[in-house]
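Okay, so here's the structure we're looking at.
The values are calculated or read from the model by the stated rules, or taken from the named source; none is laboratory data. Please read these numbers as outputs of a predicted model, since none were measured by experiment. Here the Cβ positions follow ideal geometry from the backbone for every residue, glycine too, while neighbour counts run over all protein chains shown. When the accessible area is computed, the model is the full protein with side chains, heavy atoms only, and any ligands, DNA or RNA have been set aside. Shrake-Rupley method; radii C 1.70, N 1.55, O 1.52, S 1.80 Å.
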Amino acid sequence: MTTVNVAGVEVDTRHWIGGRRVAGSGTFEDVSPLDGQVIAQVSRGGPAEVDAAVAAAKAAFPAWAGMPAAERAAVLHRVADGVEARLEDLAQVETRDNGSLLRSHRRGVMPRVAMNLRFFADHLLALEHPDFETRGHRNHVTWDPAGVTAIVTPWNAPLMLATWRIGPALAAGNTVVAKPPEWAPLTASLFADITHEAGLPPGVFNVVQGLGTEAGAPLVAHRDVRRICFTGSVPTSVRIGEAAARNVTPVSFELGGKSPLLVFEDADLDLAVDLAVEQFDNSGQVCLAAVRMLVQDSIYDEFRARFLDRAAQVRQGDSREESTDIGPLVGRAHFERVDGFVKRAIAEGARVILGGEPNHDLNTATGGFYYRPTVFEGVDHTMEITCQEVFGPVLTLQRFGTEAEGVAMANDTDYGLAATIVTGDRERAERVSSQVRAGTVWVNCFFVRDLSAPFGGSGRSGIGREGGTWSFDFYCDVKNSVFAPKGWN
Ligand code: NAD
């Protein structure tokens, strides 16, 4: 079978290489976290499919890179039109595939997919660096396309995270081989159809499906790959970094986090509680989630009571229902991983003050992988639960005394993806945001992300920044041409 019907949508389960469907030899099972059902047998790529896809991308590169940027932008806008036209299909399939909320896909995630394409297509056209002189010589800076770009992505927001890289890569004139996540591969296939219908030339965009070790590893090790974009976990980034180093291939890594939510005594407590409860969104499977709640002594008890009251009301259920707040974890292996973290935290002496176990009722009723929103108290910085990324609906609650202590606790992590600060004091906001180590700091807000802003992680949360011009600094070979004042006929 080369196509499956998922949530009423026909999805091709084969790779997309050089503008055509390729089955390859084996398949892997794709399981829906909503009910544990196998929803597709998906083509399982390896070195042969990777070689074919990289060769197709390499062959397509000169013509695509040589096309005027405005023409490339027009094609990308047509792809974005196609995404918008099939928004409901994409939303339905993604929800079935990774278990995230249907309403988020409809209202936030899939519109953002289209925006990822439109924004970078337009941004490239506006890129310029003024010429400047050196002893009468004219320096002229250009952003030249780099070549074949490998894009390896995770499952928690698969199409949005992929197109955040695909948009600028294609706009720059690069060609792409994407390796979607094996736990949620299906919207990448729909996206391939959309690119084809929009007139993207064959070979400019390719998809090789498969497992990380089988399809991802040969892709990032390929000598003809000129850029590697990876979004995922730190351990995988180490392996990819080793492969990239052998070919001296530049990497852009967006990795995990253990971000703090710093609540000061001058904070608006309603806002602080809202922001804290928001960290359970997508069942905590959000890299940016502020999972370490650090609350100042004098308001700790009141915050704790109000937060627990609200957190207990989070409605867990079928991700397709409008009234559901959070759905399941992505699959059995991840569910067991999260449960392992919780069990070890309890064994280490952490106190469960909410949840602390799977949602047995829902799992029995549906066959899915639901985990109750969980909060730990009585933790310290030496415990695994405050140091390692869980990537589930699991938060920790700690108190601090002075501002300096709060900042020190916020920075007491290997990660540095984001930090959220809640305070009513503007000066404190400025001071603390300058002192926390994070790629993104939100003050009295969360998840406000402009595509023109730099995005990336400090510490072990990543390498590099993307967004706006920063994206093109990565996807392009930035060139300076120096023209002598003399020598013209
Ligand atoms: P993961 O590292 O296990 O896998 C990510 C991707 O890498 C998958 O497509 C996988 O198949 C592939 N892969 C695995 N081994 C590989 C190898 N040896 N070579 C090449 N590719 C390989 O991560 P995950 O569990 O899918 O995703 C969760 C992680 O992603 C979390 O750590 C989360 O914080 C992070 N994440 C970060 C951001 C960000 O923007 N910083 C966004 C979303 C998720």
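In whole Hz, what ³J(HN,Hα) sequence does region 380-394 give by Karplus (6.51, -1.76, 1.60; θ = phi - 60°), x for Gly and Pro?
My calculation for region 380-394 gives 9, 5, 8, 7, 4, 5, 9, 9, 9, 6, 8, 6, x, x, 10 Hz in order.
Placing unit charges on C-beta atoms (Lys and Arg positive, Asp and Glu negative, everything else neutral), compute the dipole magnitude of region 260-443 about its Cα centre in debye, rounded to 20.
Dipole magnitude for region 260-443 comes out near 500 debye.
Considering only DSSP states other than H, G, I, E and B, which GluC sites (Glu not before Pro) in region 282-353 qualify as loop sites with at most 10 other Cβ atoms within 10 Å?
322
How would 445, 476 line up by accessible area, probe 1.4 Å, largest first?
Result, largest first: 445, 476.
Could you sort 350-358, 172-180, 393-401 so that the peptide with the highest average Cβ count within 10 Å comes first and the rest follow in order?
Ranked from most to least packed, the peptides come out as 172-180, 393-401, 350-358.
Under 19 Å from a point 7 Å along the Cα-to-Cβ line of residue 435: which residues of region 272-297 have their amide N that close?
The answer is 292-297, whose backbone nitrogens lie closer than 19 Å to the label point.
Please compute the length gained on full extension between residue 425 and residue 323, using 0.36 nm multiplied by the number of residues separating them and subtracting their Cα-Cα distance.
33.2 nm is the gain from fully extending residue 425 to residue 323.
Subtract the Cα-Cα distance of residue 134 and residue 449 from 0.36 nm times their separation in residues, and report this length gain in nm to one decimal.
Between residue 134 and residue 449, full extension yields 109.6 nm more.
What is the packing order of peptides 133-141, 466-474, taking the mean over residues of other C-beta atoms within 10 Å and listing the highest first? Don't skip to the end; give the middle numbers.
Working: 133-141: 11.1, 466-474: 20.3.
Descending packing order for the listed peptides: 466-474, 133-141.
Take a quick pass over the chain and tell me how many lysine pairs come in under 26 angstrom between Cα atoms, counting only ones 8 or more apart or on separate chains.
Numbers: 58/179; 58/479; 179/258; 258/343.
Summing the qualifying lysine pairs gives 4.
Hey, what do the phi angles of region 348-365 turn into as Karplus ³J(HN,Hα) couplings, whole Hz, using 6.51/-1.76/1.60 and θ = phi - 60°, x for Gly and Pro?
Going residue by residue, I get 7, x, 6, 9, 7, 10, 7, x, x, 7, x, 7, 4, 4, 5, 5, 5, 5 Hz, with x marking Gly and Pro.
Would you be so kind as to identify which of 205, 34, 230 lies farthest towards the positive end of the dipole of the chain, taking Lys and Arg as +1 and Asp and Glu as -1 on Cβ and the Cα centre as origin?
With unit charges placed on the Cβ atoms, the residue in question is 205.
In sequence order, what are the phi-derived ³J(HN,Hα) couplings for region 326-333 according to the Karplus relation 6.51 cos²θ - 1.76 cosθ + 1.60 with θ = phi - 60°, rounded to whole Hz, with x for glycine and proline?
Calculated HN-Hα couplings, in order: 9, x, x, 6, 5, x, 4, 4 Hz.
Could you sort the peptides 339-347, 359-367 by per-residue average Cβ neighbour count (10 Å cutoff), highest mean leading? Before the final figure, lay out the partial values.
Details: 339-347: 16.4, 359-367: 14.8.
Descending mean neighbour count gives 339-347, 359-367.
Ranked by accessible surface with a 1.4 Å probe, highest first, in what order do 369, 132 come?
132, 369
Specify whether the C-alpha gyration tensor of region 271-361 places it in the rounded, prolate or oblate class, a ≥ b ≥ c being the square roots of the eigenvalues: rounded for a/c under 1.5, otherwise prolate if a/b is larger than b/c and oblate if not.
oblate
Could you grab the relative contact order for region 260-443? Cα pairs under 8 Å, six or more apart, rounded to a whole percent.
Taking the mean separation of contacting Cα pairs over the length of region 260-443, I get 29 percent.
Taking 7 Å along the Cα-to-C-beta vector as the label spot, tell me the residue 10-residue 84 distance in nanometres, rounded to one decimal.
2.6 nm
Given a 1.4 angstrom probe, I'd like the percentage of the accessible area of the chain that is carbon and sulfur, rounded to a whole number.
Percent of accessible area from carbon and sulfur atoms in the chain: 52.
Using only the alpha-carbon atoms, how far is helix 110-126 inclined from the longest principal axis of the chain? Give it as 0 to 90 degrees, nearest 10.
Orientation of helix 110-126: about 50 degrees from the principal axis.
With a ≥ b ≥ c taken as the square roots of the eigenvalues of the C-alpha gyration tensor of region 260-443, please select rounded if a/c is under 1.5 and otherwise prolate if a/b is larger than b/c or oblate if it is not?
Here region 260-443 falls in the prolate category.
Subtract the Cα-Cα distance of residue 265 and residue 223 from 0.36 nm times their separation in residues, and report this length gain in nm to one decimal.
Length difference between fully extended and current span is 9.7 nm.
Along the charge dipole of the chain, which of 166, 114, 342 sits closest to the positive end, that is, farthest toward it, with unit charges on the beta carbon of Lys, Arg, Asp and Glu (+1, +1, -1, -1)?
It is 166.
For the chain, with only Lys/Arg (+1) and Asp/Glu (-1) charged at the beta-carbon, what is the dipole magnitude about the Cα centre, in debye rounded to 20? Each step should come with its number before you reach the end.
Numbers: 46 positive and 61 negative charges, 324 e Å.
The calculation lands at about 1560 debye.
Rounded if a/c is under 1.5, else prolate if a/b beats b/c, else oblate: with a ≥ b ≥ c from the C-alpha gyration tensor eigenvalues square-rooted, which is the chain?
Because a/c hits 1.5 or more and a/b fails to exceed b/c, the chain counts as oblate.
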